[in-house]
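Here is the structure we will look at, set down as structure tokens.
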Amino acid sequence: MSVSDIPQEWRDILADIQQSAPGAVIAGGALRDLRNDRPVKDLDIFIPKREWSTHSLFIHHSLERRGFHLLTNYRIHYGLMEEVQSLEFISRDKHCVPLNIIIDPAEKLDTEWIHRFDFGASMISFDGKVLHVTERFLRDCALKRFTYFRNKGVEDIERSRHRAHRIGKKYPGWHFIFPAEEEGFY
């Protein structure tokens, strides 16, 4: 997969957001599904909290100009992060997938940051110029599996198992690997 495979609309949305929040990235499931020719459920754009705090109104306005409107605003536990704010936007264009803006407490959303995602097959991001792909992502995709890589406790494992059940419907034949506690991942 290359940058040119990412839909121009996604790149344009990210570019608009990056005018105010240059650290914003597309990451996770949408890129994974695109790479593996699966239907994309939604597009997650992560924004560093400090950039959101300063420029949230401009970002809202730029999304409204693109035809998106806010559907929900809620707090979630997202992986290894503390509770984060997530805003779901939908478009008037019926062909456009819903957009999730996830406000991340990290200062920088780089390759190290995406290692905090639960499954190797989700460890991919796009910063507007470069597609960042981890070895875990490549390995999971090559072996048609989702390997759990975090040590966050039973609640996180259960949340990831629930996600695995949902994701598994799109990925028949792929395996989910939840390493045993003694292997140091769980």
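Every number here is computed from the coordinates shown, using simple stated rules; none is lab data. Just so we're clear, the structure is a prediction, and the values are computed from it rather than from any experiment. Counting neighbours? That spans all protein chains shown, and the Cβs are built from the backbone with ideal geometry, glycine included.
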> Do we have any residue at all in segment 137-157 that's touching a strand residue (DSSP E or B) at 6+ places or on another chain (Cβ under 6 Å) and among the aliphatic types (A, V, I, L, M)?
Replying inline: no
>> Suppose the filter is farther than 29 Å from residue 172 by Cα and of a type outside the set (A, V, I, L, M); does residue 39 pass it?
In response: no
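Return the residue satisfying two criteria in turn: it lies in segment 124-156 and is among the β-branched types (Val, Ile, Thr) and in contact with a Phe, Trp or Tyr (Cβ under 8 Å, 6 or more places away or on another chain), and of such residues it is surrounded by the most Cβ atoms within 10 Å (Cβ to Cβ). Talk me through it step by step, then tell me what you get.
Let us first name the residues in segment 124-156 that are among the β-branched types (Val, Ile, Thr), namely 124, 130, 133-134, 147, 154.
Going one step further and asking which of them are in contact with a Phe, Trp or Tyr (Cβ under 8 Å, 6 or more places away or on another chain), we end up with 124, 147.
Values: 124: 27, 147: 19.
The extreme case among them is 124.
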